[in-house]
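Okay, so here's the structure we're looking at.
No value in this document is a laboratory result; all are computed from the given coordinates. Bear in mind that the values here come from a model prediction, so they are computed numbers and not experimental data. All Cβ positions, glycine included, derive from the backbone under ideal geometry; neighbour counts span all protein chains shown.
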Amino acid sequence: MWPPLRIPDDPSQPWTDYSRWRLHNTDDGAHLWEYLRTDEQLAAWPQTSADKYWAGIPLNLPDLPKPATPLDAARNGYEFYKHLQANDGHWAGEYGGPMFLLPGFVIGSYVTGMSFKDEERLEMIRYIINHTNDDGGIGLHIEGPSTCFGTSLNYIAMRLLGLPADHPAAVRTRAALHKMGGAISAPSWGKFWMSILNVYDWEGNNPIPAELWLLPDWVPFHPSRWWVHCRIVFTPMSYLYGIRFTAPEDPLILALREELYVQPYDAIDWPAQRNNVWHVDLYQPHSRIMDFANVILKLVEPCMPPPVHRAALARVYEQIVFEDENTGYQTIGPVSKMMNLIARAHVEGRESDAYKCHERKRQDFLWLGKEGMMVTGTNGSQLWDIGFITQALVETGLAREPRNRESLVRALQWLDQCQIREDPPHHERNYRHRTKGAWPFSTREQGFTVSDCTGEGLKSVLYLQNQLDFTPKLVSEARMRDAVDTILSLQNADGGFASYELVRGSTLMELLNPAEVFGKIMVEYEYAECTTSAITALSIFRRHYPDYRAADIERTIRHAIQFMHAIQKPEGGWYGSWGISFTYATMFALESLALGGETYQTSAAARRACDFLVGKQRADGGWGESFKSCELESWVDHEHTQVVGTCWATLALMYAQYPDPTPIARAVRLVMARQLPDGSWPQEAIEGIFNNSCAISYPNFKFAFTIWMLGRAHGYLEERGALGLVAQE
């Protein structure tokens, strides 16, 4: 148990002195928050504008001149955003939103004997309380309805972190959990984490067989054929299930057994709870095949020869070690990281190098926001954010303004160091796709190829090095060719691009989806966003280097465009799987089609897309789309117009050369009206999504895409003699 805390009363105010928090200066984009406890430390390490901004402390910057044109507004936006650029050249930012990440982090730390600083514990508790719904429950993500998954695990996290059971926040959340039937109604990931903590019996879990790793690779459902996130989470889950890891009982664990359930712990029929899931959690119900497989696996488990089981565990543990070493002990995300930590601590002990490396790398996932301390979806979104803002600055002309040059050079330097220059050490034995030449989603150390991040990273380097005359040539042509080779290696047979790897398994594998709360997790899927990024990156690359693999690039682009035509929705848009949703994907789609010569005038597909978007524009000139669009795969209006979604839709229209400037001018007016006097924009609704059901935050989008849209709109409207429409009411 961790030492007791003094819990303040009001979670709307910081529970620590926010003037003492600092984000470390690093040279690789790592996000490491530290709390300074002495006045000497404070004097030696002043708080930066970025520290203050993300902590919600006013920057008190002077008002900028009121913009007279869209380009003026874009210029003001970047004048503010430059204050947030880190010394190493990237832009730090929150990547939170999911509410199941922090509990796993806390449980994993608790059962392995790792603690947190008192200030971290206080702000984690405060974050959970601030994202508790009015009914006392907690959702899958910060904007979602209350779920048993979110409510049970976050209740546990608050109690482990030091919130007393009689605190009003604990009482309220416990009451909400009991209305759901108690923690027995949690989905499979919740049951797993509670079993690890020893507050739920392993007999209440469906099987997680490590023996699948002993199957030949050619078997259609071999784990190597699964989507990489699913594979890397399943691997340590199967190990910990296979050894039935449980934390030793202590007074807090015994108390939680009493608090989490509406019936006595010892009276619970655990096998009857395996498929008991609260109806709000149940986004993806089990198929009959999945339920049948679970019954058979449970029958087979006792008959498994011990040598086979030991061999399976050894094979799985080997994969855990490979993943740790390939990623600098970050793994692909915080869920698998903490599961790997538990496995490594169990096998190698708390004095081992593996344990110490995992402990050190926990800090990369802790992010301080104005509502408290969260755990992020990966160790950040560094590459993703820098890619968009640098392209925006070049396309709008702001990159060429002398006041911005130093900032752009630093951004290029960061992009240079972020490129992955070799394949991981356990490349083939860990079933990893090639990484040489790729750019990751976050940092080079994390080390995963992501198809669209490679595309956006390559585009940014091409823009900064090849289209500006003041930047150093840091990324060689050979390294750009490596990036192109990686992009080309990721195209699937039908022309589409998936996220991390080629599609390795059939979508029929989704019949074996055990997670209940997520959709489309079992295998890789091809995505509009990933495909369009490949098209645009390759199109821009060949403008500058027309002789390298020219035939391969032409064939890849042509095939990818055919794929984009094939997946366009009948109503005209494209479904977005990583942003919300139709506005997001349709923007990328129309950009890629335009690079292939397809515009409103020349392409029926582009016309349908533009007409679809214009039909969704609101009376105030903007667009607003809800994350529910991603759940239902059909447009759902947001309650409010959204600046970021408005920028996506407007960029899409401009890429397609929409002939009527009026919708664009109306959107510009709205975005300019919402800009604050210091050049920034306030945070609105959540922007991102994954696996259909879980929303995730990209707060830097409100800078990159506003600046991009306003700057491009200035030129677009000026060319058509329509700038005057912006000033009209």
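Here are some notes:
- Here the scattering of the range 226-314 is modelled by Debye summation over its C-alpha atoms, one equal scatterer each and no solvent; at q = 0.26 Å⁻¹ the log10 of I(q)/I(0) is -1.31.
- Packing, taken as the mean count of other beta carbons within 10 Å per residue, orders the peptides 389-396, 682-689, 530-537, 575-582 from highest to lowest as 530-537, 575-582, 389-396, 682-689.
- Here is the size of the chain from its Cα atoms: Rg then Dmax, 25.3, 79 Å.
- Least to most buried among 384, 189 (fewest other Cβ within 10 Å first): 189, 384
- Computed Rg/Rh of the range 167-299, alpha carbon atoms with Kirkwood Rh: 1.00
- Of the two radii for the range 382-727, the radius of gyration is 0.95 times the Kirkwood radius, both from the alpha carbons; that is the Rg over Rh value.
- In a reduced charge model with +1 at each Lys and Arg Cβ and -1 at each Asp and Glu Cβ, the range 375-507 shows a dipole moment near 200 debye about its Cα centre.
- Projecting the Cα atoms of 528, 275, 309 onto the charge dipole of the chain (Cβ charges, centred on the Cα centre) puts 528 farthest toward the positive pole.
- Helix 643-655 and the long axis of the chain differ in direction by around 50°, with both axes built from C-alpha atoms.
- Each Lys and Arg contributes +1 and each Asp and Glu -1, all at the Cβ; summed about the Cα centre of the range 572-729, the dipole is approximately 160 debye.
- Given charges at Cβ of Lys, Arg, Asp, Glu: the chain dipole, positive-most of 415, 5, 187: 415
- Eigen-decomposition of the gyration tensor built on the alpha-carbon atoms of the range 285-345 gives equivalent ellipsoid semi-axes of 28, 18, 8 angstrom, largest listed first.
- Convex hull of alpha carbon positions in the range 33-189: directionally averaged projected area 13.5 nm².
- Kirkwood-based Rg to Rh ratio, the range 113-172, C-alpha trace: 0.97
- A dipole drawn for the chain from +1 and -1 charges on Cβ atoms has a positive end, and of 714, 495, 368 the residue lying farthest that way is 495.
- Mean shadow area of the range 1-122 over all directions, Cα convex hull, nm²: 10.9 nm²
- Debye-sum result for the range 101-375 in log10 I(q)/I(0), which assumes one identical scatterer on each alpha carbon, at q = 0.07 Å⁻¹: -0.24
- A simple charge model with +1 on the Cβ of Lys and Arg, -1 on the Cβ of Asp and Glu and nothing else charged puts the dipole of the range 80-177 at about 160 debye relative to its Cα centre.
- Going from the fewest other Cβ atoms within 10 Å to the most, the residues 629, 592 appear in the order 629, 592.
- Annotation: the residues 296, 342, 128, sorted from fewest to most other C-beta atoms within 10 Å of their own C-beta, follow the order 296, 342, 128.
- Value at 222 nm in deg cm²/dmol, rounded to 500, when DSSP H runs of n ≥ 4 in the chain each add -39,500 (n - 2.57): -14500 deg cm²/dmol
- Using equal-weight Cα scatterers in the Debye expression, the normalised intensity of the range 438-569 in log10 at q = 0.10, 0.17, 0.22, 0.23 Å⁻¹ is -0.36, -0.90, -1.32, -1.39.
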